[in-house]
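Participant: Sharing a structure here in structure tokens format.
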Amino acid sequence: MDEAFGQLSGPATKRILWRMFLVFGDKRFERLVEISNGHIYNLRGRRTYLRARTTFRKTRGAASPIGQRRRPRPEGRPGFVRVDTVLKT
């Protein structure tokens, strides 16, 4: 379920399991209709589950506007002050 829908909260996962059996009639979920939220979290914490579900991705870079000078856009709100400094040598 977590692979198909993403790792939702326990109550949301329980609701999906409930719908799969009672609404859609899928017999594979018959025993899982009665599972508790706590048991869902216990299953997610087991080593075999974590080993099967852990995926690694490379770090993605993010653009960072360091040293960018631009006018503030206050949009009518107070508190925006533009200060330009000049150093005398």
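Participant: Report in % the part of the accessible area of segment 1-73 that belongs to carbon and sulfur, leaving out ligands and nucleic acids; probe 1.4 Å.
Facilitator: 52 percent
Participant: Here are a few candidate values for Rg/Rh (Cα atoms, Kirkwood Rh): (i) 0.99; (ii) 1.39; (iii) 1.11. Which one was actually calculated from the structure I just gave you?
Facilitator: So the structure-derived entry is (ii).
Participant: Something else about it: With a 1.4 Å probe and all protein chains left in place, how much accessible area per residue does segment 10-67 have, in Å²?
Facilitator: 89 Å²
Participant: Give me the net charge for the shell around Ala52: Cβ to Cβ below 13 angstrom, other residues only, Lys and Arg +1, Asp and Glu -1.
Facilitator: Here the charged neighbours net out to +3.
Participant: Same structure, new question: Would you tally the net charge around Tyr41, using a Cβ to Cβ cut-off of less than 13 Å, leaving Tyr41 out, and scoring K and R as +1, D and E as -1? List each step's numbers first, then the result.
Facilitator: On the way: positive: Lys14, Arg44, Arg46; negative: Asp2.
In short, +2.
Participant: Taking a cut-off of 20 Å between Cα atoms, list the lysines near Lys14, but don't count ones fewer than 8 places away on the same chain.
Facilitator: The reachable lysines, counting only those whose Cα sits under 20 Å from Lys14, are Lys27.
Participant: Which cross-chain or sequence-distant (5 or more) residues have an amide H under 5 Å from the amide H of Asp26, H modelled 1.01 Å from N in plane?
Facilitator: For Asp26, whose amide H was placed from the backbone, the distant partners under 5 Å are Phe21.
Participant: Size of the dipole of the chain about the Cα centre, Lys and Arg at +1 and Asp and Glu at -1 on the beta carbon, nothing else charged, in debye to 20?
Facilitator: Here the chain has a charge dipole of around 520 debye.
The values are calculated or read from the model by the stated rules, or taken from the named source; none is laboratory data. Predicted model only: the values in this text are computed from it and were never measured. As a convention, Cβ positions derive from the backbone with ideal geometry for all residues, glycine included, and neighbour counts pool all protein chains shown. Calculation scope for accessible area: heavy atoms of the full protein, side chains included, ligands and nucleic acids excluded. Shrake-Rupley method; radii C 1.70, N 1.55, O 1.52, S 1.80 Å.
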